[in-house]
Every structure is written in C-alpha cells, then in structure tokens.
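A short worksheet on the structure shown next.
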Amino acid sequence: MTLKTLLLGAVATGALAPAAFAERGEDGHVNIIYWQAPSIMTPYLSSGTKDIEASSLVLEPLGRYTETGELVPYLAEEIPTVENGGVSEDLKSITWKLKEGLVWSDGTPVTSADVKFTADYCMDPEGGCAQLAKFDHISSIDTPDDLTVVVNFDEPMPNPYGPFMGGQSPILQKAQFENCTGAAASTCTEANFNPIGTGPFVVDEFKPNDVISLSANPNYRDPAKPAFATATLKGGGDAEAAARAVLQTGEYDYAWNLQLAPDVLASMAEGGQGTPVSAFGTLVERLEMNMTDPSPDLPEGERSTVAHPHPILSDFNVRKALSMAIDRNLLTEIGYGQAGRATCNLVPAPELYASDNTECLTQDLEGAKALLEEAGWTDSDGDGIREKDGMKLSLLYQSSTNAVRQDFQALIKDWWNQIGVETELRNVDSSVFFGGDPGSPDTFQKFYADVEMYANNFDGTDPQSYLQMYRCGNEPKPSSQWQGENINRFCNEEYDALLDELAKTGELSKRGEIAKKLNDIITKETMTIVPLVDRGRVSAHSNTLGGVVLNTWDSELWNAADWYRIDG
Amino acid sequence: MTDSPQDDLILAEGARVAPIEALKDKGPMAPPRSKWRDVWEQFRKHKGAMMGAFFLFFITFGVLIGPYLWTLDPQALDIRNKDMRPIYTALWNSEAKVGWNHPLGSDQLGRDNLSQLIAGGRASMAVGWAAMLLSLLIGTGVGVMAGYFKKLDGPLMRLTDLFLSLPILPLLLVAVTLFRQPLRANFGPEGGMFILIVTVVGITSWMPTARIVRGDVLAIKEREFVLAARSIGTQPFKIIKRHLLPNVLSPIMVSATLGLATAIITESALSFLGVGFPSDFPTWGKMLADAVARMEDFPERVLLPGVAISLTVLGVNYLGDGLRDALDPRIRGR
Amino acid sequence: MLTYAIRRLVLSVPTLLFISFVIFMLLQLAPGDPMAQVPLTVPPEVKQKMREALGVGEPALVQYWKWLVQVFWTEPKVFIDWLTRDSFLLGWLPDTNLYQGELRVISWQTRSPVMDIVLQRIPQTLWVVGLSYVVGVLIALPIGIYSAYRQYSTFDQAGTFVTMVGFSIPPFFTGPLLIVIFSVYLGWFPSIYDTTHVVNDWESFKYQLSQMIMPVMVLALQTTAQLSRYMRASMLDNLNQDYVRTARAKGLSEAVVVMVHVLRNSMIPVITVIALGVPAIFGGAIITENVFKVNGIGQLLITALFANDLPMVMTLTFIFAFLIVMFNLIADILYGLLDPRIRYD
C-alpha cells in the first residue's frame, strides 16, 4: 500500500465517522513491522521477545505492568496486595479475582479453571515450558469458585507477582490446550499458531517467521475497541529497513525495537512520516571483568575457573582504572542517543532500587594512569604498554556481533591504549555467543576472554533474582556443563549474606536499601561489573497512528486495543 | 585444431630449412621471434588489457606504499573530527565539514577514510587474490582430473556435489571453533584469521570452476588433436598440460575474475557475521557494509570502497581478456 | 546414455545418504544452541529443560536415525495422504490414511512440521528468485552472444563494464540503494514484499509486479553478469575454430553459423553454470530476500541457522543437496546431447 492510498483511506474514514463515537473496527487496517519475525503465538514455548509481544495481541494475563512499572488489572478485578487482603500476611498465598462476564474469542466464558490449567500446562515436567521460572515455588493452586484463583507458595514470596502477571505468562484456554500438555505440546500446531484468547485481536492466518494476519476480536470486553478491524504483523529484514518503512515511506504504522545508531535514526526521522519514541527499562550494557584466568596455556577444564585467579584483573586498581578511562556520556551519544543514559548502576530502575551512584560518569584518564602507576603497573620498556612483574597489561575484549557494540569496542580500546593497556578485540556471532553450547569456546558463559560486553535486564520490577545471579558458586564451570549466571566468577561473603537478607525481607523500603547496597558492592566497590549505558527501547510509529504508549516493563503491544487512526 | 606449441615448431622449422626459390618470400626474412615476445606484442595491442593492468598495478602499488605516504593510523579515533566530508564536497557545499587533515572525510568514530581505504585495500586485495588463486587451483585440478580420467570422474564429482550442498555458515563456525586458537597462537590474531578466511573462502568456492572445467575437458578430450597426441604416445599429464589446459583457459579466466569479486565480498559477509577479522580491522567489504545505513547522508563512504572493488574487478577482467587473446595463437598475429 | 542415466540415478541414493550424514555431523559439530535467542532473564535450569523437551541431548546417531525415518518414511506417507485426499490430480482415489500421527520433522522454532513451512515458502521464492533467474538467463544469453560476435565493439565494452560493476557490488548495497531511490524518493514501488497478497485481477497483478520488480532486478543483475561472461568467453573460443570457417565457406548464412553451429558448441560451460544455478533458486537468495522482506526459503534458512533450528536446517540443506545432485545429473546428460562425442560408457 502506498502512502497515498493510506492517507486517502484515513481521510475517507475520518469524513464518514466523527471520532467522538468510537466504534470497533472503524479505523480499518493497521500495519506493524517486527524485524525479527515471530515464530509461534504462545510465550510458553518460546521466550523470544518477538513471540511474547506478538502473542500479547491475542493472549492476556491477569494483570500487566504500565509504562511506569505500576501494576494494572487486565483480566483480574484488581491487583491483590497485602493491604487489600489479596496477599496473605505471611506472603505465602495470593488470591486473584477474575472480572465478571469475561469471554474467550470463541464466546465461551473465562473461568478460574483456565487459570489453573495455564499453570499446570507450564509446570508439566516434560513440556519444556520457557516461563517455568515464573511459576517457581508454587505448591498448589486452588479454585474455590469460577472466578477465584488462590496461588499457594511453599515459601514467603515478597514479590508474588510471578505467575499470571505481564506478557510472559498470559492465560490459555483450557478447552483448546487440554490435549497439548507435556510432550504433546509441539504436536498442537493449530493451537500454538492460533490460540483462542481474550485480547483485542484474533489470528486469521499465521505464517511462521513471516507474517500474521489478525482481525478484531468480536467478543472483546470493551465493545468500542479495538479501533482497527484488521491488523498485519510482518516480520523479517533488519532494524534499518523497518525504520525506513515507518519513517520514510510510511508503508507501515509501527516498527519495533529500532536498534540503530542515533544519527541514522535521526536522518530517517526527517522523512516526516513518523516519530521515534523511546522509554527506559532495566537493560544495562556493561563490561564484565573476568576474575579467573582465561589463558589458553591452562589445560582445558581449568581455563576460566575459580582454580586460577586472573593474573591482571584480580587487581582492583586495574579494574578501577579501566572504568575511569571510559567516557560513558560519549559512548551513549554515539551509540544510543536519546535511547540511552550513561549509568554506573547494574540496577538502573525502578527508582526504589536504583542507587544514586554517579561517580563514574566523568572520564579521568590522568587519574587512571596515576592509579596504575601507583599499583606498580609501569611502562618499563617504553613500548607504550604497561608491565608488572614481567606481565604485560594486555587484554582480550570480546562481545557479540552488532554494529553499535563494535563501535563501543573501538572507542574503549582507544581509551585503554591511552592509559597503556593493550587491547585485542574479538566479536562473536550472537547465536554462538549467547548460546550455551558447552562445546564452543566462544560463549559468554565460558568467558575465554578477559573482558566481555553485553546487555542484560530483569523481568518485571523486582531485582531480587537478578542480583542473586552473582552468588558465589553460581558461576559457569565444567561440572555444571558451563551453565551458570555468575559470569564474572564473583565471590563475596558480604554480598551473599545480604542476598539472604533480601529474600527474607517483605517491606519495600527495606528491600530497596538492601538492593542498592548489593548494587554498589558489585559495581563501584569492587568494579567487577562496569556498567556503561542504561539502554532504552526505541520504536517508531507513523504520524497517523494514535494511542501508542511505549512500555518497557511489559509487551510493547500491551495497549494495542487503545490504538486508533489520527485523521488527517 | 592444434595449439600453440605445434605451430611454433612448424614456424621454426620453416625458418631453418632453405625454401624452394619460387616459394621464397619477397621481403626480407623476419628474424625468429620467441613465443613470449609474440604474446607480449599481442597483449600490448589490447588497450583494455593495458588499462586493466595499469589499474591493478596502480591499486596494488597504492595500497602497498600508501601507508608510508599517508601515515595516519586507520584505527585511530578522532572523535572531534567525526563525520567529516571529503574535501571536494566544499566545491558545491560551502558549509560542509571538510578539512585537509581528512581529505576523504572521516567515519562516525572519526577514523580517517583515506587511511582506512588504503589499509582496507591491503586486506581485501590479499584475501581476494589468495582465496581466488586457491579456489582456481583446487577447481581446475579437480575439474581436469575428473574430466580426463574416467575412473576419477565419479568420486570427484560426488565430492563436488557434497561441497556444493554444505551450508557455509555452520562450516565456518566449525572451522573457527576448531582452528582459530592454534592459528592465532602461531600467526597472531590477524595473520591467523587471514589464513582461516582465505582457506574457508577458497574451499567453499572452487566447485563451479571444477564443474565448468570438467565439462569442457570432457568435450575437448574427444577432439582429434588429443586423439593424435595420444596415438603418438604422449603421457596423460603432458596432454593435460599442452593440449587441454590451454583450451579451457577462457572459462578459467572468467572464473578468476568473478572469483576475485566474490572473495572480496564474501570476506565482508564473514566479518559481518563476526567470524572474520577483528572488528576494528578495516577491509573494503566491511567499509561498504558499515556505510550502507548512512548512504543518503554520506554517499562517499559507500562510493569509495565500492569504486575500489569495482575497479579492481574490472582491471582483472580486462587483464584476463587480454591474456586470453594474447595466448591464443589463432588470434595472435592477426 | 540411458544406462548411464540409470546408473547415475541409482548411485545418487548412497551419495545423498552420505551427503546427509556429513551435513548432519557438521551441524552437530558446529557450536550453537537453540536457546541462544532466549533472553538472559530465563534461568539456565529452565533452558536445560527446554533443550531436553526438544531432544537436543540425545546421541548424534540416534538423532540422525530419527531424522532419516521422519524424512524417508513419515513425510512420504503424509504426502501420499495429501495426494489422495486433497489434490486435484489423484483426489479421485480413495483416501489412503497412511499417516497415523507419528512424529514428523518438527521445527524447533515454531514447533510445527518443517515441510508445511517449506511448502508455504515456495510460492514467493519461485515468483521472485525463479523469475529473476529466467529474466537473468534471457538477458544474459543474447548479451553474451552478441558481445562475442562483435568483440571490442562499443556494445561489448559497455556490456562488460555494466556486468562487471554489477557483479562486484553486493546486493546488500544495491538492495537498499534501490529502496532509497524507488520507494523513498520516487514512491513507485513498495519496499516491503507482501506475502499474503493474492493475485486475482488486473489491479492485484499490477501490485504484484510492482512489489516484485526490485528484488527481481537485483537478483537478475547477478545472474546476468555471471552468465553473460561465460557465454561470451565460450563463444569467443569457438568463433575462430576451423569448423566455423568451413561452415561459412560452404555458404551457410551468418545466422545459421552463429546461432546453430557456434552456439551449440559453446553451450557446455553455460549449461554447467545454469544447472548449478537452478538448485540455488530453491535455496533462495538470502540477502536479497532479507532486504526486501520476501521471506522465502532463503530467509527461512538463515533464520533457522541463527536460531540453531537443526531439524529445519537439516531438512532444507538436504532438499538443496537433492536438487544439486539431480541438476548436475541433468547437466551431464545435456553435455552428451550437445556434443555427441562425449561418451560416458
């Protein structure tokens, strides 16, 4: 469809129906482009963001997070809390009440049995459910009546909003998925591609890894919504082409996750067809320091294990100097523009948990040199690279393949060279880097390098499990098939003690304090993790699409029901 | 039709034996000429070939001594002078950010385009030539063997089928996993990667050449002159060398031209996938790939490496044309 | 020739089995993990369970055997059922009902049968890549013939220049360049290929043409460049042969000399290149499909490779290998028809 016909269509509908009386389907068609194509319509069999977000058009949870990280009820009457009695005093059970009169898109009523079934579906030991972690510690689920669900946990849960909250764990229809549990999950192609949901749209045709055609759900709970009668979610290509289709040619209305250099995005936005929007979540691009020795001279099975501390990076002063040499503001300006903020924190948001640590934001090359000098790293042979005890200050710095990351690598290498640190760069294909193949030497878990760079975040708004990753003993090692989340092989008694305390604390302000302390230990006090940029999300919508609220705490399409066409 | 060596022989013979008076040439007898001199004479007449050779020489010379004339480090960042335009932009746009410190402008991190082009040319030319020669060598070898020796035809062609159907990306990943560490230890990060890339590009691109050469050899070996050569007891390898190879030269030349372009482009695809040279090591292909996103604002960044690649390939193409003509005795001397 | 063809056909079975085994082991050796695209927020234990559900941990030979059974036993049954149930050709036969719900080749990304997705992708791949190939061949042959016939004429020089520049500039550049010119500035063609578009009248046919024209041109440029070079070189080799002089001497017209005698003898390398290119059509065009969002088989293969979807990659490369073996066989038979002196027996 060309821009002209799009505009003509918008003018025509605008002339016929005054916008004040909204009616379902009156705004015609909306085109959405995801440069990673969705491959399945349920988040339980694939946890890729693209699949979670595509399915959020059809499937809905009991409650979602808003763009500010607050909880809002969707299928539930209200969000249960300790104050309103929905969460028990001992934090071991949570009671959800469904809205009355909810129906699936096929017209049958939504009951508590569907909610219980969803949990059983995911918790089936043979199913390989991707969201199993959301259902951790559930001991039983009771359904006293058709609209009430009581989830019981086997230990106190300070954050009981794991199951049925957010885009990752929406409710499935029991009648449709009943025969699809366990090993049969992958035989239900029809159900996986065309789930019956309560969301604003239903799937008409699903072409895996290509395109999804949707139309408005005739039984959606708000009779005036959605404003669009049909929708297309196209996948494929790259971020640049997706941005072009919305910002320059106006063929599409919404483009997801435009990871582009800011100058590229800005010059495309001059096309005038659309507007980039950005919002911040918890995604932090960081440098991780290897505390163990990755030298290839060590026998296989001992490289990068706690048996051998790192000969250079075990020195706190080196880690500190490396961090001081970096100009985070410049990195942000070059790599992310308005979609990034320089940060010194591992947990940059929500406010309650974010530490006020800003010391690292000013670059101090001279200070870094002085610190290295003081710590005994001197350039004794005049080749521009510092040595100590015959050991050259030379690092291998790896990351995944991505244009912005390679620019960062080049910049950081330059700064490190200035303070006398020799750096070798390596970039690894991201399907290998982030894959957990124990046979490959290039995974981020194996960490056969001195420093590596990637980004990570946490689901929802509670950082407890995120901070727990750096517990002593949780490191990837040969005995665990190189699985593990403590990538740096960090080990600190004080840190572990604080983690135990956090798990027992329910009071929010107290939790915030502990989390901030944990964040400070692993960042500024030990420089184990060197955060660089708090990365926001940039998407773009056309100037004729209204109602877009970019949300980084939940699916980006969380409020697709409220989208409408701006006449013009 | 026979090929050059026999012709030469007859010519030489004719020059030595005193001819019958009536058949004697009117003009003065030309002194005997060496075959390679004839080839050179013919080659010189070919304008395209001379230009191609000149361009190739110019580019090779440029990338070899360039770093001594223009000493800026291609990897050095100069963030204050990022996104500069080439000096000629000032001709029509007086507000453009230009300067003699970066005559061809600089990229988004302030790296100098000219020195990147020179350094990138070294890498690309080296990879392109080495990979192309390797692939030609394997392809011609396999093709000739399979075409000439009936016993080898089946196994070698099935091997070709196998290589044609191997998916390249997993093959690369396996090669990188297995060989990067030992190569890096022995040849350094860049040298090791160079060997790896050349080998991978070489062994994944010889198959079309092999099949084309085999097809031609199958047809040529049934021709009368091969039969004649065989009937006087010429050894198979002599036949291949003197009779078959010269006759399949033209498809090989085409393969070589196309192969050079393919190798340069494939190298850029490899670094794009993160299995090539380190990311701050410039090559023409990578410069081109990086600049595509900014081609509207900074067209020179795609044009410079694009023109460099095209000129190289065109140069090789014309050079190949000229060589082929010069080596063909039926054309030579006309 | 017939016995040769039959012998080659029989031999191709073990060849294909061997090729499939090598590919399988290569994929097993390659580093990679189907869980690589799962966000880091999913804990490793959960990822391990997901891998087990996909059957990743099983010994390689067991996996290979299962795949063989699925491809050579289960999938043909599904196909025969489809033939006798829904197809136009054999629909009158009673429904065979051979398929009893055994496990088919299931993609790890989509948890659906690989064959269904492949069938879904074939139309757009044939439309775009296939058409571009036909266009490329149709342009390349005349260019090659005429440039050789008038060697070093202006036409020849211009053709050489354009094709070589076209070949040395990769589609990851020409694709976006065309989009910027024709979609952004001129607004003539859509930059995104609509795979759901149905052609049922003149208007929709025109739309189909407008969305196909850019990818077809980008791909045809590559094909044309390659083929016309081989055609020209091969024609040049033959134009100076004695038999051409003889043909002219006995008074045959130029058209007959060039188009019958020379052309036929020049076709061997060209046939090889064309035959090598046909399987590549089905392999799709990875970069071009991606640039224009055509989402054909090339895009399917590359996404499967990046997601380490082994059943999908394995099946696609096997189909690819099958086509390569078949078309190389066809090329070998064509050599014999073009040049009766070539004998294989």
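Read-outs: derived from the displayed coordinates by stated rules, not from any lab. The structure presented is a predicted model; accordingly, all values stated were derived computationally and were not measured. In this analysis, Cβ positions are derived from the backbone assuming ideal geometry, glycine residues included, and neighbour counts consider all displayed protein chains.
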Alpha-carbon centroid distance for the pair the range B:254-312 / the range A:121-138, whole angstrom: 47
For the range C:3-58 and the range A:502-562, distance of Cα centres in Å: 38
Whole-percent pair-distance distribution, where bins are 10 Å wide, for the alpha carbons of chain A: 3, 16, 25, 25, 18, 9, 3, 1, 0
For the Cα atoms of chain C, what angle does the longest principal axis make with the long axis of helix C:44-54, in degrees from 0 to 90, nearest 10? 70
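Working from the pairwise distances between different alpha carbons, so that the mean of 1/r is found and then inverted, what is the range A:280-536's Kirkwood radius in Å? Write out the running numbers ahead of the final one.
On the way: mean 1/r = 0.0536 Å⁻¹.
Every distinct Cα pair counted, the radius reaches 18.6 Å.
Calculate how large, on average over all directions, the projected area of the Cα convex hull of the range C:156-305 is; give the answer in nm² to one decimal. Working shown, then result.
On the way: hull surface 48.9 nm².
Averaged projected hull area, Cα only: 12.2 nm².
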Please work out the ratio of the alpha-carbon Rg of the range A:226-301 to 2.2 N^0.38 Å and round it to two decimals. 1.76
Compute the normalised compactness of the range B:72-128: alpha-carbon radius of gyration over 2.2 N^0.38 Å, N being the residue count. 1.20
In Å and whole numbers, how far do the C-alpha atoms of the range B:210-334 stretch along each principal axis, longest first? 67, 37, 20
Can you list, largest first and rounded to whole Å, the semi-axes you get for chain C by taking the square root of 5 times each eigenvalue of its Cα gyration tensor? 42, 28, 20
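Using a Förster distance of 30 Å, how high is the FRET efficiency between B:Ser231 and C:Leu17, based on the Cβ-Cβ distance and rounded to 0.05?
Details: r = 42 Å, r/R0 = 1.42.
The pair B:Ser231/C:Leu17 has a calculated efficiency of 0.10.
Could you give the length gained on full extension between C:Asp81 and C:Ser253, defined as 0.36 nm per residue of separation minus the Cα-Cα distance, in nm? Write down the numbers at each step before the final one.
On the way: separation 172, 0.36 × 172 = 61.92 nm, distance 5.69 nm.
Taking 0.36 nm per residue and subtracting the Cα distance, the gain is 56.2 nm.
Counting alpha carbon pairs within less than 8 Å and at least 6 residues apart, what relative contact order, in whole percent, applies to the range A:280-536? Let's see the in-between values first.
Details: 491 pairs, mean separation 81.4, N = 257.
This gives 32 percent for the range A:280-536.
Within the P(r) computed for the range A:24-172, what percentage of the Cα pairs occupies the region above 26 Å? Kindly include the intermediate steps, with their values, before the conclusion.
On the way: 2944 of 11026 pairs.
Everything past 26 Å amounts to 27 percent.
Could you compute the FRET efficiency for A:Gln418 and B:Ala126, with r as their C-beta to C-beta distance and R0 at 35 Å, rounded to 0.05? Present the calculation step by step, with values, prior to reporting the outcome.
Details: r = 30 Å, r/R0 = 0.86.
Here the calculated transfer efficiency is 0.70.
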Ranking B:Trp70, A:Trp104, C:Trp65, B:Trp284 by Cβ neighbours within 10 Å, fewest first, what do you get? C:Trp65, B:Trp70, A:Trp104, B:Trp284
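State, as an integer percentage, the relative contact order of chain A based on alpha-carbon contacts under 8 Å between residues 6 or more apart.
Values: 1242 pairs, mean separation 110.0, N = 568.
Computed value for chain A: 19 percent relative contact order.
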Testing the spin-label approximation: label points 7 Å from Cα along Cα→Cβ at B:Trp36 and A:Asp222. State their distance in nm. 8.5
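Average the reciprocal distances over every distinct pair of alpha-carbons in the range A:456-568, invert the result, and give the Kirkwood radius in Å. The partial results should precede the final answer.
Details: mean 1/r = 0.0584 Å⁻¹.
Roughly 17.1 Å, rounded to one decimal.
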Cα-based Rg and Dmax for the range C:33-112, in Å, come out at 17.5, 54
For the range C:179-195, in order, what is each residue's ³J(HN,Hα) by Karplus, 6.51 cos²θ - 1.76 cosθ + 1.60 with θ = phi - 60°, in whole Hz (x at glycine and Pro)? 4, 4, 6, 8, 9, 7, 7, 8, x, 7, 10, x, 8, 10, 6, 9, 6
Straight-line reach check, B:Lys241, cutoff 30 Å on alpha carbons, 8 or more apart in-chain or any other chain, hits among lysines -> B:Lys35, B:Lys45, B:Lys47, B:Lys150, B:Lys151, B:Lys221
I'd like the distance between the alpha-carbon centres of the range A:337-373 and the range C:157-204, rounded to an integer number of Å. 46
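Can you tell me the relative contact order of the range C:118-338? Whole percent, Cα pairs under 8 Å, sequence separation 6 or more. Could the numbers behind the result be given before it?
Working: 239 pairs, mean separation 65.5, N = 221.
After rounding, I find 30 percent.
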Using the basic label-point model (7 angstrom from Cα toward the beta carbon), what is the A:Glu373 to C:Phe161 distance in nanometres? 6.2
Pair B:Phe187, A:Leu330: separation of 7 Å Cα→Cβ label points (nm): 3.5
Tilt relative to chain B, helix B:168-203 - C-alpha long axis, 0 to 90 degrees, to 10: 70
Could you list the residues of the range A:518-549 with an amide nitrogen less than 11 Å from a label point located 7 Å from the Cα of A:Thr275 in the Cα-to-C-beta direction? A:541-549
Distribution output for the protein assembly as shown: share of Cα-Cα pairs per 10 Å bin in percent, first bin at 0, values 2, 8, 16, 21, 20, 15, 10, 5, 2, 1, 0, 0, 0
Round to the nearest 0.05 the FRET efficiency obtained for B:Leu178 and B:Asp73 when R0 = 45 Å and r is the Cβ-Cβ distance. 0.85
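How big is the convex hull of the Cα atoms of the range B:70-216, per residue, in Å³?
Details: hull volume 25.3 nm³, N = 147.
Enclosed volume per residue, from the Cα hull, is 172 Å³.
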Residue pairs, from the table C:Lys49/C:Lys77; A:Lys320/A:Lys446; A:Lys97/C:Lys47; A:Lys207/C:Lys47; B:Lys286/C:Lys293, whose Cα atoms sit over 28 Å apart: C:Lys49/C:Lys77; A:Lys97/C:Lys47
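What number, in nm² with one decimal, is the all-direction average of the projected area of the convex hull of the alpha-carbon atoms of chain B?
Values: hull surface 95.7 nm².
The orientation-averaged projected area of the Cα hull of chain B comes to 23.9 nm².
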Residues in the range B:302-327 reached by a label modelled at B:Phe58 [backbone nitrogen below 19 Å; 7 Å Cα→Cβ]: B:303-322
To test your reading of the geometry: what angle, between 0 and 90 degrees and rounded to tens, separates the Cα axis of helix B:35-45 from the longest principal axis of chain B? 50
Spatially proximal lysines relative to A:Lys99 (Cα-Cα < 20 Å; intrachain offsets below 8 disregarded): A:Lys116, A:Lys174, A:Lys225
